[in-house]
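Read through the structure below, which is laid out as structure tokens, and then see the notes.
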Amino acid sequence: MKLPIYLDYHATTPVDPRVLDVMLPFFTENFGNPASRNHKFGWTAATAVENARKQVAKLINASAKEIVFTSGASESNNLAIKGVAQRYRDRGNHLITMATEHKAVLNSAKHLAQQGFTVTYVRVHPDGLVDLDDLKAALTDKTLIVSIMAANNEIGVLQPMAEIGRLCHERGALLHTDAAQATGKIPLDVVAMQIDLLSIAGHKMYAPKGVGALYVRRRGTPLDLVPIIDGGGHEGGLRSGTLNVPGIVGLGKACEICRQEMPEESRRLAALRDRLKEGLLAGLEGIHINGSLEHRLPNNLSVSFPGIDLPTLMGAVSDVALSSGSACSSGKPEPSYVLQALGVPEEVANTPLRFGLGRYTTEEEIDYCLGRVVEAVKQLRGMSSTEAA
Ligand SMILES: *Cc1c(COP(=O)(O)O)cnc(C)c1O
């Protein structure tokens with residue numbers, strides 16, 4: 001076993017060697033621009049991009065022409081939310097989202113609020129699930145778009161997308177979902193779930209950083225968006241700029257691998273995650289599991305340690321790469337806005353550790369991490385009780 005151990009797969013993932021293998025020729029011999037229509041260099045690149053488009057589409061039950069390649073989920077979220085708002089402003093000026101979303105969604109919503117949109121933040125239950133009654137009540141004839149993430153990046157909670165899709169469409173609202181953490185980890189079906197727009201991030205699913213995709217529904221009346229980047233009209237005019245061919249080829253391959261391995265891999269990860277959870281609960285009293293265990297990504301565990309100074313704990317287990325899951329700006333730890341939105345006590349919101357498991361996580365690594373965390377927490381508690389005495 002090699003140290004340090006990586007358990008921060010929600011932040012980013014390594015590129016799978018099988019993904020890198022298919023990418024490499026597109027940096028060197030197959031370097032053509034897919035927009036070059038007059039020679040073989042261009043045709044080779046264009047063929048590879050179209051193959052990747054099919055691979056991405058297949059993972060979410062979309063069709064290839066519904067996939068727009070972007071630089072990642074932040075860009076996809078911006079393009080989806082702002083693009084719809086600008087294009088269909090005459091249909092309504094109301095956006096619904098929730099407080100546990102990623103900042104790329106929350107700040108896109110804020111941007112629209114500055115431009116005169118009304119934004120409603122629907123309630124979330126203490127287990128992280130969206131309050132469907134509140135969503136139903138919030139939907140009006142003016143609601144243009146609802147943006148609800150498929151899986152949360154801190155606590156791994158999955159939202160009931162099919163039910164949300166049904167509620168939105170009953171009221172004529174569009175549904176966008178940030179699926180950066182969900183794609184390739186859990187089954188997603190844009191048709192069955194009635195999703196109109198879906199954001200994908202390459203680097204959360206073993207493809208490289210700087211590539212992603214946005215699914216834009218074309219079934220029925222095709223959706224149109226006002227682009228953020230104007231230029232030569234690439235990607236059906238929705239996202240200009242020369243395509244990142246190696247990244248796109250990698251994203252396609254990553255989607256194919258996830259699709260093929262998902263059933264077995266999600267069982268393996270859930271078993272390892274449960275082993276970690278059981279071990280922590282058996283070894284330590286007074287800890288708090290954040291978010292629903294039932295509606296959850298197989299690779300996520302979020303645990304709070306009330307009474308423990310989190311930076312000290314993370315320092316004590318520095319050979320395991322973990323995240324607090326909370327924004328840590330200017331070195332000053334801030335409470336997790338996601339946990340705050342769940343209405344948990346301050347002591348819980350201030351002390352989360354996020355365990356993000358992934359494709360290369362082994363049982364040996366989980367057992368090592370478990371031992372280190374239990375030992376460190378016991379030691380820190382011992383120290384603080386000595387101080388108190
Ligand atoms: C990582 C992440 C993003 C941002 O994706 P980038 O590709 O890094 O821009 C957005 N939403 C969620 C839920 C994420 O986990």
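The values are calculated or read from the model by the stated rules, or taken from the named source; none is laboratory data. Since we're looking at a predicted model, the values are computed, not measured. Here Cβ is always computed from backbone atoms with ideal geometry, including for glycine, and neighbour counts include all displayed protein chains. The protein model used for the area step is the full one, side chains on, heavy atoms only, and it has no ligands, DNA or RNA in it. Shrake-Rupley method; radii C 1.70, N 1.55, O 1.52, S 1.80 Å.
Numbers for the structure displayed
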item	result
Net charge, residue 149 excluded, C-beta distance under 12 Å - Lys, Arg +1, Asp, Glu -1	-2
In degrees, nearest ten, helix 40-59 long axis to first principal axis of the chain (Cα)	50
Probe 1.4 Å - accessible area at residue 368, Å² to nearest ten	60
Dipole of the chain, positive direction: furthest Cα of 241, 282, 376, with charges on the beta-carbon	241
Contour excess over end-to-end distance, with Cα ends at residue 38 and residue 378 and 0.36 nm allotted per residue	115.6 nm
When each of 58/277; 142/185; 2/209; 103/142; 82/253; 54/136 is checked by Cα-Cα distance, pairs over 27 Å	58/277; 142/185; 82/253; 54/136
The chain: C-alpha pair distances exceeding 35 Å, %	29
Average accessible area per residue (Å²) across the stretch 80-181 - probe 1.4 Å, nucleic acids and ligands excluded	37
Isotropically averaged projected area of the stretch 247-389, using the convex hull of Cα atoms (one quarter of hull area), nm²	10.6
Net charge over other residues, Cβ less than 15 angstrom from the Cβ of residue 107 (K, R count +1; D, E count -1)	0
Mean Cα-pair separation over length for the chain, i.e. relative contact order, pairs under 8 Å, 6 or more apart, %	22
Within-12-Å neighbourhood charge of residue 302 [Cβ basis; K, R +1; D, E -1]	+2
Cα long-axis angle, helix 103-114 against the chain (0 to 90 degrees, to the nearest 10)	60
Of all accessible heavy-atom area on the chain, the percent that carbon and sulfur account for (1.4 Å)	53
Per-residue SASA entry for residue 242, accessible area with 1.4 Å probe, Å² rounded to 10	90
The chain, helix-only ellipticity at 222 nm - DSSP H runs n ≥ 4, -39,500 (n - 2.57), divided by all residues, nearest 500	-12500 deg cm²/dmol
Acute angle (nearest 10 degrees) that the helix 161-170 long axis makes with the longest principal axis of the chain, alpha-carbon atoms	50
